[in-house]
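S.K.: I'd like to ask you about the structure that follows.
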Amino acid sequence: MSDTVIHSIVLVLYLLFMLGIGVYFYRKNKNQSDYYLGGRSLNVWVTSMSAQASDMSGWLLMGLPGTAFLLTKRNSLAEAFWTALGLAVGTYLNWLILAKRFRKYSECSNDSITIPTYLENRFRDKTRLIRMVSAIFIIVFFLIYTASQFSAGAKLFNAIFDLDYGIALIIGAVVIVSYTFLGGFLAVCWTDLIQGILMFLALIVLPFVAIASMGGAVETFNLVAAISEVPGSLGFSEWTGIGAVSLLSIVSTAAWGLGYFGQPHILTRFMGIRHSRDIKPARRIAIVWVIISLAAAVIIGVIGRAYMSTVLTQEQIGAFDGEQIFIYLVKSILTGPWAAIIAGLLLTAILAAIMSTADSQLLVTSSAISEDICRTLFKTKMSEKQYVWVSRLSVLVIAVIALFIARNPDSSVFGLVSYAWAGFGAAFGPAILLSLYWKRMNWQGALAGILSGGVAVILWKNLVRPYFDLYELLPAFIVSVIFIIVVTKVTDKPTAEIEEEFDRYLKADV
């Protein structure tokens, strides 16, 4: 039996297991709250692992190692280092200063089950503009984000089975859509728990296997230094780029961490946890997972570059897609019947990373359509069961559009993710943060912040960044904060009812 057949069997068994989870939770979804938040019943482990697995996506095993793979060329290693550091710090701050308050306020504020409904309820926005604008931004940016995951899935199937990119794209999308369509939030979160564990183990195991195949850590990193034309070994300046990279570039790259405060697929995990007191232990689990996983992903890119120099020519390496280095290492090093089973599990980890994010994005986007747009535009009352079916149909429509966006096989997973990440971080991050800490904030300020942040990302990305290379998240985030503060100050203060609710939520034990 060939290695490819063994890889295929492992992948198919895994996919069937994921579909089984979707079928299991199908009958547990009685209403919108069940389908989108699982009745706020998540335990500590499911919340922490689901939040981080849905956060990192296929980018963790493909995009980040692919950036580090280039080593000192265009200071790519430094870019990977500061991106990872910014994400680790952002993750910690998100859990520390936002998660607990958001869990409490989202339930106190009319039991909100989506980000747009939370914002509308928090500020008593009778115009419903906040809800509609938020839903539109969610749909636009998540289409891009979901497309990046479909693209990563297609690259995985293409690399393993040599499938045509278009066919591979459809296969990956069908699997992800199936269990999201059936099981909703609980299916997504429980599959994310399994997928998060699998990703973690894969990231830890592969570097050790690769280093052992090259004779040990000393020999491996000496080879990396030789490739990078660095005397001795990679030092502080090569890893961080300090001395070769401008302070502006470092700040721009580390600014990825700001995006966490506005990511709907992560924030919904905070909303769904069983109790706010569970946030602290969940945070500890999440931080350990994130730090180790990010560090391992960067190291895989570095080690992978060294390994390839021993088996390929420089011309072949120059034509290689760095985002496939994880796949290449697994297929090249782990050969033979028993090793191929381990390889199949490691390759499945990439699929797990892709699925854990794409399913969350599909679910949040479908909630924007059914819960935030349909309930706002259509006055006709539908039953909860009918709304759940609108949600499921929305998943299918979104998936088809995302497939169309991802149809280009040369699309960069890293590039697509960075654009969508900036969009959410700037549109929702400042509004969510200030809504939890500033009692004076009103609906006009929130709407101004969401609009200005989202639009600033689009304008900066397309009009400014080609001439001034600063990641669009940072300036757009600052613009959003300024608009929220200024517009809030020049408009009427919130009603006494809203301010009383703000004081009440701080004391709530939920």
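The values are calculated or read from the model by the stated rules, or taken from the named source; none is laboratory data. As the structure is a computational prediction, the values presented were derived from the model and not from experiment. FYI the Cβ positions are ideal-geometry reconstructions off the backbone, even for glycines, and counts take in every protein chain you see.
S.K.: Please indicate, with yes or no, whether at least one residue in region 259-268 is part of a loop (DSSP other than H, G, I, E, B) and either modelled with pLDDT of 85 or more or within 16 Å of the chain's Cα centre (by Cα) (or both).
M.R.: Yes, region 259-268 contains a residue that is part of a loop (DSSP other than H, G, I, E, B) and either modelled with pLDDT of 85 or more or within 16 Å of the chain's Cα centre (by Cα) (or both).
S.K.: From (1) closer than 30 Å to Ser246 by Cβ; (2) within 19 Å of the chain's Cα centre (by Cα), pick out the condition that doesn't hold for Leu70.
M.R.: The failed condition is (2).
S.K.: Condition test on Val455, is it within 27 Å of the chain's Cα centre (by Cα) and either part of a helix (DSSP H, G or I) or free of Cβ contacts under 8 Å to residues at least 60 places away in the same chain (or both)?
M.R.: Against the criterion (within 27 Å of the chain's Cα centre (by Cα) and either part of a helix (DSSP H, G or I) or free of Cβ contacts under 8 Å to residues at least 60 places away in the same chain (or both)), Val455 qualifies.
Table: residues versus (1) of a type in the set (Lys, Arg); (2) within 18 Å of Ile130 (Cα to Cα).
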| site | (1), (2) |
| --- | --- |
| Leu451 | no, yes |
| Val455 | no, yes |
| Lys461 | yes, no |
| Val464 | no, no |
| Glu472 | no, no |
| Val479 | no, yes |
| Glu500 | no, no |
| Asp503 | no, no |
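S.K.: Which is in contact with a Lys or Arg (Cβ under 8 Å, 6 or more places away or on another chain) and either modelled with pLDDT of 90 or more or surrounded by fewer than 20 Cβ atoms within 10 Å (Cβ to Cβ) (or both), of Ile204, Ile227, Ile211?
M.R.: Among Ile204, Ile227, Ile211, only Ile227 is in contact with a Lys or Arg (Cβ under 8 Å, 6 or more places away or on another chain) and either modelled with pLDDT of 90 or more or surrounded by fewer than 20 Cβ atoms within 10 Å (Cβ to Cβ) (or both).
S.K.: Would a scan of region 465-476 turn up a residue that is surrounded by fewer than 23 Cβ atoms within 10 Å (Cβ to Cβ) and assigned to a helix (DSSP H, G or I)?
M.R.: yes
S.K.: How many of the residues making up region 242-258 are of a type outside the set (A, V, I, L, M, F, W, C) and outside any helix (DSSP H, G or I)?
M.R.: Total satisfying the criteria: 2.
S.K.: Are any residues in region 100-126 over 21 Å from Thr365 (Cα atoms) and assigned to a helix (DSSP H, G or I), and if so, which ones?
M.R.: Lys100, Arg101, Lys104, Tyr105, Cys108, Phe123
S.K.: May I pose another question? Which of the residues spanning region 382-414 are modelled with pLDDT under 70, β-branched (Val, Ile, Thr) and over 18 Å from the mean Cα position of the chain (by Cα)?
M.R.: Matches in region 382-414: Val388 only.
S.K.: Can you name the condition, by its number, that Asp55 falls short on among (1) under 19 Å from Ser252 (Cα atoms); (2) at pLDDT below 90?
M.R.: All conditions pass for Asp55, except number (1).
S.K.: Across region 230-244, which residue is surrounded by the most Cβ atoms within 10 Å (Cβ to Cβ) among those that are more than 14 Å from Leu71 (Cβ to Cβ) and hydrophobic (A, V, I, L, M, F, W, C)?
M.R.: The residue in question is Ile242.
S.K.: So, restricting to helices (runs of 4 or more DSSP H) that lie completely within region 127-241, which ones have at least 3 residues that are touching a helix residue (DSSP H, G or I) at 6+ places or on another chain (Cβ under 8 Å) and of a type in the set (A, V, I, L, M, F, W, C)?
M.R.: It comes to 129-161, 165-213, 217-227.
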